[in-house]
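Each remark here refers to the structure printed beneath this line.
Computed from the coordinates by the stated procedures, all read-outs in this text should not be read as laboratory data. No experiment lies behind these values; they were computed from the predicted model shown. Please note: Cβ atoms are built from the backbone with ideal geometry, for glycine as well, and neighbour counts cover all protein chains shown.
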Amino acid sequence: MDIYLVGMNHKTAPVEIRERIAQVCRMTASPLEHRPHCRAVEEMLFLSTCNRVEFLFTTRNGSEGVEEITGIMTGLVGLPREMVLKHLYVYKNLEAVRHLFRVASSLDSMVVGEPQILGQIKEAYREATHYRTVGVVLNRLLHKTFSVAKRVRTETNIGCHAVSVSYAAVELAKKIFGDLKGKRVMLLGAGEMAELAAAHFRAQGVREMVVVNRTLERAVELARRFHAQTIPFTHFQDALVDVDIVLCSTAAAQPILHADELKPRMRRRKNRPLFFIDIAMPRNVDPKVHDLDNVYLYDIDDLKGVVDVNLAERRYEAEKAQHIIDTETMQFQQWLQTLDVVPTIIALRRKAEEIRQTELRKTLSQLPGLGDKEKEAIGVLTESIIKKLLHDPIIFLKKKSVRDSKNLYVSLTQQLFNLDREDAPASSLDCTDG
């Protein structure tokens with residue numbers, strides 16, 4: 001049994017391919033429905049985000065399994081097979097495990113450290129569970145994946161440094177004001193940057209937001225998502241009297257706010273501090289605004305400086321995270337290696353249990369005067385004896401399973417106890433924890 005991962009992402013696929021990936025992400029039908037039609041693929045998990053499409057699966061025939069998954073992938077993306085193949089990556093066994101751990105820990109994301117990907121993997125696992133396409137191996141692997149991602153989050157600071165302009169803007173606001181709870185925010189513009197910033201402001205406890213946009217429909221949509229208010233674009237300058245933070249991200253070709261327009265409104269504010277974050281290009285706010293008392297203006301270049309410093313910090317934290325992933329990958333490899341001795345362990349237990357049951361029936365048939373309680377006690381006694389006798393041989397086999405010579409020990413055990421390995425049921429692989 002081998003573990004494979006086949007996929008494409010933002011690193012391997014150009015934008016026109018990634019557009020198709022984004023369409024796959026919005027599909028209602030699940031690719032897991034193809035599983036019953038695959039001869040070589042046994043367990044399967046499908047992960048799809050706006051920047052990534054991946055299949056994780058187990059197979060006993062790697063080339064045929066990859067061929068089947070590639071066929072599904074080609075159908076999903078809707079492009080010629082040759083074009084899809086150019087942008088695919090294929091990982092096997094430990095490389096597949098390590099890649100999955102990196103993805104879940106956000107080391108393979110477009111923005112390193114972003115937390116959304118782990119939730120997307122958990123959702124993919126829930127879907128695979130619903131379709132019953134995961135078994136012993138992938139169940140174990142996915143649960144290990146979740147614990148690895150948690151370790152990375154708790155033992156490193158990989159998610160603590162802003163590496164997007166929107167997030168950096170909110171972090172900068174926190175440095176100016178301290179606690180953002182109780183602050184009133186104006187989103188001047190309602191595009192993607194404003195949407196991301198709104199989510200970050202909400203996460204920091206901001207409850208009062210007002211959205212201003214030339215297109216009212218978009219402003220209303222964004223305001224509905226974040227329980228904010230809207231005001232007409234022509235009234236935004238007067239509304240500056242009542243807000244603390246203004247995030248500017250409109251597509252205006254010229255500044256829409258000048259110092260002489262803001263100065264009288266600052267008097268009405270009684271000079272309470274006003275914080276502008278201008279992430280528009282071209283800039284929305286005249287730089288001379290910064291010369292006014294109690295007005296603080298930061299543009300996208302200021303924030304990029306923060307982002308660049310934080311990227312360096314995240315790279316350092318990513319090295320620590322990679323060490324955790326490498327360690328956990330080796331531990332998972334050890335578990336995988338124990339699977340080779342599982343059929344022999346199962347056969348050993350089964351033969352011992354058959355002997356116990358046969359001898360128990362013989363003995364109880366010669367003691368007709370025993371009550372149910374006494375019979376139960378004898379049964380428990382014999383079961384305990386069997387478990388203790390088998391404990392050392394089973395532990396011995398598990399320890400030897402990580403060595404190159406494991407086949408020798410498996411063969412020796414089978415001969416010693418006269419076992420028929422072929423009789424061991426594959427469905428009992430989860431007995432390795434016993």
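Some observations on this one:
- Rounded to the nearest 10 degrees, the inclination of helix 406-416 to the longest alpha-carbon principal axis of the chain is 30 degrees.
- For the chain, built as a Gaussian network whose Cα springs stay under 10 Å, the top-fluctuating residue of I300, I386, I378: I378
- Here is the list for region 226-273: trypsin sites (Lys or Arg not before Pro) lying in DSSP coil, each with at most 13 other C-beta atoms within 10 angstrom of its C-beta, are K270.
- Pairs of alpha carbons in the chain whose separation is greater than 44 Å (percent): 36 percent
- Table column - 3J(HN,Hα) (Hz), region 307-317, Karplus curve with 6.51, -1.76, 1.60, x for Gly and Pro: 4, 4, 5, 5, 4, 5, 5, 5, 4, 5, 5
- Debye-formula intensities of region 108-149, expressed as log10 I(q)/I(0) at q = 0.14, 0.18, 0.25 Å⁻¹, are -0.35, -0.55, -0.89 (one equal scatterer per alpha-carbon, no solvent).
- In plain terms, the bigger the Kirkwood radius, the slower the diffusion; for region 107-214, with that radius from Cα pairs, at 20 °C and 1.002 mPa s, Stokes-Einstein puts D at 130 µm²/s.
- Distance cut-off 24 Å, percentage of C-alpha pairs in region 165-293 lying past it: 20 percent
- Among the trypsin sites (Lys or Arg not before Pro) in region 166-220, those placed in a DSSP loop whose Cβ has at most 11 other Cβ atoms within 10 Å are K181.
- Fewest neighbouring Cβ atoms within 10 Å first, the residues T382, T12, T133 line up as T12, T382, T133.
- Charge dipole magnitude, Cβ of K and R +1, D and E -1 - the chain, Cα centre, debye nearest 20: 800 debye
- Shape category assigned to region 189-255 from the gyration tensor of Cα positions, a/c cut at 1.5: rounded
- Sorted fewest first by neighbouring Cβ atoms within 10 angstrom, L88, L138, L216, L408 come out as L408, L216, L88, L138.
- Ratio Rg/Rh [Cα only; Rh per Kirkwood] for region 2-155: 0.93
- DSSP-assigned coil residues among trypsin sites (Lys or Arg not before Pro) in region 313-412, each with at most 11 further Cβ atoms within 10 Å: R403
- Between 0 and 90 degrees, the angle of helix 62-77 with respect to the longest Cα principal axis of the chain falls at about 30 degrees.
- Choice from L262, L222, L247 with maximal GNM fluctuation in the chain (Cα, 10 Å cutoff): L262
- Out-of-range pairs (alpha-carbon distance over 19 Å; input K351/K375; K320/K398; K351/K388; K150/K181; K175/K288; K150/K320): K351/K375; K320/K398; K150/K181; K175/K288
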